[in-house]
Amino acid sequence: MVDSSNTMNGTVHGDAVQAGYIGNVYLDGRRPPAVKDGDDPWVRGAAESRAWQHVRAGRDAETYRRAALAAVRRLARLRDAVDRADDLADDPWQDPGIAVRFASRVGWLLGDGSLDLYPAEAALLAVVPFLYRVRSLQLAAARTTVRPTDLRPTAAPEGDRAAYEQFIESYDLLTHRTRTRPDSAAPIGWWLYHRWLDQHEDLADPEGVREILDRLPVLDELGETFALKRICALLHGLRRGPDVTNRDYLAGLREDDHLRAPGEQHVREPRLALILALAYGTAIEMTALPDIVAEHLGIPHEVDLADLRETLELAVWGGSYDLPVLRAECRHEAVVEGLREYTARADELLHAVRRVLVGHPLPTRLTSDEAAPAAGAFTGWARFRLDERRVRSLLMGVELYRDRDLAVRELYQNALDACRYRRARTEYLDRTNTLGARFTYDGRIDFRQSVDHDGRAYLECEDNGVGMGESELRGVFSNAGARFAEQLDFKLERAEWRKADPPVELYPNSRFGIGVLSYFMLADEIQVTTCRMDATGRIGPRLEVSIYGPSHLFRITEREDSCRKPGTTVRLYLRDDIDLEETWSALDVLERLLGVAEFRTTVVHGERGSVWEPGVFRPRSAPENETFGLDAHGVTVSWKDAPEGAHVVWCEEGGALLVDGLLVEPEVRRGVFSPWKDSLAGAVVNLSGRFAPGKMSVDRRRVIDDTSGTVGALLAEGAGELVRSDSGLFGMEWVGRLTDDCIQLADLVAAEAVRQGCRLTSQGIAFDLGRAGLFPADRRILGYVGIGLDPEENRRNQESATPSDHVLLWRLMAHGRTDRLERLAGVPAEALATRDIRLAKPSDSALLITRGSRRQARTWRESVSESWLAEVAAELGLTHEEVRERAAALGLEDGDGRASPSGGGGFDRPIGVAVLVQLSMFGSEPMEDVVERLTSRGVVVSAEVSKTAAAMVADPVLLRGGLKGMSVFGTPFEQDGSVAPGHLAKASSVLGISTSEACAAFAKYGIAADATGLPDFPSSDDVRSLSVRLNGTSPWLNRSKTASVVHVLQAAATESIGVADVIDRLTAVGIPVPSLPADASAEDVELFRDKTGGFRWFDSLSYGRLFAVVGRGVFTLQEAIDRYRTYGFHVPMNAPEVNSLLDFQLLSGHGPMKWPNTEVGSVVPFADLIMAASATGRNPEELVARLKACGIPVSTETLPADVSLREAEDLVRSFARSSSRPSSLALLLREEDRLGRSARQIHSWLHEWGVVDRDLADVVRAALARVPVEDPS
């Protein structure tokens, strides 16, 4: 046979022997060097890998070695390209030595004995550490757009930034630290960024790995050695820790893969994966160190990251190979503790690998005994530790979870997750299997509460979900705070699901660890029986676990090597030492909490039982005193076409927000959430799947995320079902209740009803919503003027519900009932017919009717006030300006000026220490919170000012909050930022220091303080006289504002000294004093007493104030008139020469005459005399004569001849005399019907009596001008 694969050409002399195969031929007899001069250290690390030494002789490794080194050279260039891009230039956590350390640890773990490696295996072991480093660098560089060091929340973040912000919320201690110590933002921010990448990015993502492999064409020479799937699997195992031995993960690796590659090649993937994972674990990457290291950043004596990097570079595993010990010289206590924690975790990894890799020689255990302080770095330290028993009690007790029902909720939610997982896995298998098999699944959750054969009470939850294997029991179920959704296996599996078309989605909710702890709130023993279905559909062994306490060890026992059906049963043996009433039942708990079940759920307790069918809402009426329970009942309407993951049910009574079918409360209550109730009103919304909120409280009762937008959008889409329904639920009465409870939701429903042109009937009145809009008060308004039901019945119910004039016209015109307006003078027919009337909304009630009276429409608003703007803006979710514009569109008048601009708090320049301290004191806020709030609004607060102010608030001289048993609050500063003299006097008195020492204390913070005129040690009288309220506390009088007349008089009266003495004292310290009458005395302070018993200055004198002074008996009427005149008040009246009983009744603050708060000398309404005449048994004309004798004018002198005193009294009572309501057209129409007199005649009388001050035609024209119309634009 001729071997044509090897030939010789040319002349051969002598004997010749032809070789079958020659791997490499070196012509000069020397092997070329593996590493070139100047090669990168990475290349040297790969070349010197022990893996090459473990290739059996005779297996040609040179081809693989050459290609591997070429690949590593290329990887080094890719590394340098990331460095040149500068994306990570500011990252202080960069660990450039990790790849070489990783490669070195691989060699260390391979040992000296022969492992009979194939060249392909050696190449993988040599290259993967460097490929890992490039992949992690590229991943980190690709996501820096999240702005790692910007740790403040931003408005409406999106994409990666939104995910990053949500992640760092759980590290609020660190993020808040950066606000007071800005220099720490870089080290803390970058550390958080790396933690976020670990949890949210897949190191083994095939697309990212393929991108690197495509840049390494030299590896193509090695055939299938560096196949994408293999490299992804190996990278995937690196950061798994002890979970690298997970059965599902290892099952996805090939035990012995025969490759298409140069030479005879095999790759034993499990062995490589375990060695690489253990090597990476012992290499100690900076960012993989425990949290304790990062927790010691941004504080005095913080961790120096450069020192930490050097410590890790120089660290070695010393001692024997069997018992290696970590040797590391540490320059910070946190590094010592961190390395000890890390080594303990690495030791767990080692033990896990040893259990699987039994044929490979590995160390027995890892210790950190020689991780110690560097010489001279520090000596002793202590670590603050939590009492495990007490913390455990807190986690499981009512202090955190509020009630023991949480354990039932957790049982349900963990079972729900298991069923969801199996459903998703089954769907994927059914859609991707190529064998024609069918995979189907109907989830089920069953609760049983009973007593076992030993008399022990128990609660059991059984599900037919995905089940748990040994890895899940060890790594997730038993690990507090761990979530299966964060496990690498789940991420890898979900990545495959998402490749399906359409993708298979799973939205997990449970946090096993904390939830399992809650089981011990009910139980002293937990039994778990479980059987897992793996990713291929295979069913594993039936495992059993018994747990006797939250920190106890537990043994995993295999009861069967294979089960027929997967699932989990958790049995809680109920404790007998807790206060569980005999009537406590898991059935009652779930009926309170579970509104919608996702899978069929049954609960049995003794003879009682209940069933939840999948996706069906169960109404419930909560008992009156129940603090937390589902309350949604009566007529219901479900949105049949709701998107997957959402349920919307409209209900007659109550309402609720559910997450995964369970009752919750929203932390953020705005939009469609009722500001007056705990949650929704009029509807039940269940959020699950893609709609489920990302962040909830630990006890799962509160939703931390703002879900108002999501819930509002669902309700808006589902409103059509409600409006179209023939259930009778949607009506004026229901919308009226909804307007009281949740006005924005009422608007949302009304908008859909108007869009559909709905027609409703209520109380005999037909409402065309498409024409008039939806205004719940319409029933009251129309009924008030006799439209609809019996007018007399309406009058009884609406005695004080008099609508505003323009609102009456608006609603009558909107409903086409202008026939009632024709009896009013001055209403042109064309004005009523041609107007483009504005459609009403339920939320118009918030602007037109005061809260608390909307359903009865009892108190109508006429004008806008600043205090009201804020209230309505918050309720409607609008800005002040939007509320003001809408109020104007509804015809409301601007009552007290425009709102001050919101935003930066009025600061248009950098603020100083005094202002910052004031803000902190006024709001009782920590200084760091004040600074954060101001800077978020664009206010400039320098670091120096912030630091000085923070120091100052802790200084006793500020008297913040109280000292030595004395309550001292408020601000010490004057308007110019200097210290008020009163505060200096108070500080001297309280602290026992001189006023000059107090000045010096402020001066060191750069605050001006002047003690001129103050004694060295002021008395308590001195302190009181310098306080505005004369009580010895702030607010203080200051040198930039004149003291009031009332202050001077009150100080004289309080201290029983002369007015001149008070003036002298104030003048001495530089307080400006007012001009006073020469004969001013302390007794004059009574002239300025108000209704509350305090004293204040007023600019004009009213009848009511004058006669109140007389009524207190301090002055006679004439004396009071004279004293007021000496203080500059105009008093154009005189006291009667001889006082009669009638004079006493009329001219005092205690008689039947209700004196108006109008200025003395103005006309007194005759209506007041009508009411007083009835009370005194006199006729009004007699009272008029007495007032005229005193120089007091009256609006008219006699009653009309055809009007009795009783009729006049009734009319006056009906019409409120108020400057904000000069007339009431609704009352005129009503009184017209009652009295049989024309509206014009009634209005004329009221005008004469001073009840109204305008002609009826003017009133009507003014009301018409305010009728809301549509914006023409």
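The values are calculated or read from the model by the stated rules, or taken from the named source; none is laboratory data. Only a predicted model underlies this, so the values are computations on that prediction, with no experimental measurement involved. Neighbour counts run over all protein chains shown; Cβ positions are idealised from the backbone, glycine included.
Some points to look at:
- Out of D112, D87, one residue alone is outside any helix (DSSP H, G or I) and buried (at least 17 other Cβ atoms within 10 Å of the Cβ). It is D87.
- R1105 vs. criteria under 30 Å from M1153 (Cα atoms) and crowded, with 20+ Cβ neighbours inside 10 Å: yes
- Within the stretch 213-249, the residues that satisfy the criterion of being part of a helix (DSSP H, G or I), farther than 16 Å from A126 by Cβ and hydrophobic (A, V, I, L, M, F, W, C) are L228, C232, A233, V244.
- Residue list for the stretch 1263-1273, filter: modelled with pLDDT of 85 or more and either surrounded by fewer than 21 Cβ atoms within 10 Å (Cβ to Cβ) or part of a helix (DSSP H, G or I) (or both): A1263, L1264, A1265, R1266, V1269, E1270
- Evaluation of R700 against (1) outside any helix (DSSP H, G or I); (2) at negative phi; (3) touching a helix residue (DSSP H, G or I) at 6+ places or on another chain (Cβ under 9 Å) (one fails), failing number: (2)
- Lone unmet requirement of (1) at pLDDT 95 or above; (2) exposed (fewer than 14 other Cβ atoms within 10 Å of the Cβ) for G376: (1)
- Count - residues of the stretch 759-776 that are assigned to a loop (DSSP other than H, G, I, E, B) and modelled with pLDDT of 90 or more: 3
- The stretch 1131-1172 - residue that is of a type in the set (F, W, Y) and in contact with a helix residue (DSSP H, G or I) (Cβ under 8 Å, 6 or more places away or on another chain) and, of those, modelled with the lowest pLDDT: W1155
- Any hit, the stretch 848-855, residues being surrounded by fewer than 19 Cβ atoms within 10 Å (Cβ to Cβ) and at pLDDT 75 or above: yes
- Residue satisfying condition, being under 30 Å from W497 (Cα atoms) and buried (at least 20 other Cβ atoms within 10 Å of the Cβ), within set A535, A586, A597: A597
- Look at (1) part of a helix (DSSP H, G or I); (2) in contact (Cβ under 8 Å) with a residue 24 or more places away in the chain; (3) closer than 30 Å to I539 by Cα and you find that A204 fails only one, number (1).
- Qualifying residue in the stretch 608-626 (condition: under 27 Å from the mean Cα position of the chain (by Cα) and either at pLDDT below 95 or over 20 Å from W650 (Cβ atoms) (or both)): yes
- Residue match in the stretch 529-541 (condition: touching a strand residue (DSSP E or B) at 6+ places or on another chain (Cβ under 8 Å), among the charged types (D, E, K, R) and assigned by TED's automatic domain parsing to the domain that holds E462): yes
- Residue within the stretch 310-332 that is over 22 Å from A99 (Cα atoms), buried (at least 16 other Cβ atoms within 10 Å of the Cβ), aliphatic (A, V, I, L, M) and over 32 Å from the mean Cα position of the chain (by Cα) present: no
- Qualifying residue in the stretch 145-164 (condition: in a helix (DSSP H, G or I), free of Cβ contacts under 8 Å to residues at least 40 places away in the same chain, crowded, with 21+ Cβ neighbours inside 10 Å and not aliphatic (A, V, I, L, M)): yes
- Qualifying residue in the stretch 1216-1228 (condition: surrounded by fewer than 18 Cβ atoms within 10 Å (Cβ to Cβ), assigned to a helix (DSSP H, G or I) and not small (G, A, S)): no
- Taking the numbered list (1) closer than 21 Å to L657 by Cα; (2) of a type in the set (D, E); (3) assigned to a loop (DSSP other than H, G, I, E, B) in turn, D726 passes all entries but (1).
- Unmet criterion (only one of (1) at negative phi; (2) surrounded by fewer than 18 Cβ atoms within 10 Å (Cβ to Cβ)) for G1013: (1)
- When restricted to residues that are crowded, with 16+ Cβ neighbours inside 10 Å, over 50 Å from the mean Cα position of the chain (by Cα) and not in a strand (DSSP E or B), the stretch 1075-1102 contains 8.
- Subset tally (residues that are more than 21 Å from G689 (Cα to Cα) and either in contact with a Ser or Thr (Cβ under 8 Å, 6 or more places away or on another chain) or in a strand (DSSP E or B) (or both)) for the stretch 626-649: 7
- Exactly one residue out of D243, D220 is over 21 Å from F102 (Cα atoms) and either at pLDDT 90 or above or within 46 Å of the chain's Cα centre (by Cα) (or both): that is D220.
- Filter result for D768 (in contact with a Cys (Cβ under 9 Å, 6 or more places away or on another chain), of a type in the set (D, E, K, R) and surrounded by fewer than 19 Cβ atoms within 10 Å (Cβ to Cβ)): yes
- Filter pass, R260 being more than 22 Å from E496 (Cα to Cα) and surrounded by fewer than 19 Cβ atoms within 10 Å (Cβ to Cβ): yes
- Given (1) surrounded by 13 or more Cβ atoms within 10 Å (Cβ to Cβ); (2) at pLDDT 75 or above, index of the condition S902 fails: (2)
- Of everything in the stretch 122-152 that is β-branched (V, I, T) and within 29 Å of the chain's Cα centre (by Cα), the residue that is nearest to R77 (Cα to Cα) is T144.
- Any hit, the stretch 1217-1236, residues being on the phi > 0 side of the Ramachandran plot and of a type outside the set (S, T, N, Q): yes
- Candidate set: the stretch 397-412, residues that are among the acidic types (D, E) and either assigned to a helix (DSSP H, G or I) or surrounded by 24 or more Cβ atoms within 10 Å (Cβ to Cβ) (or both); chosen: the one modelled with the highest pLDDT: E410
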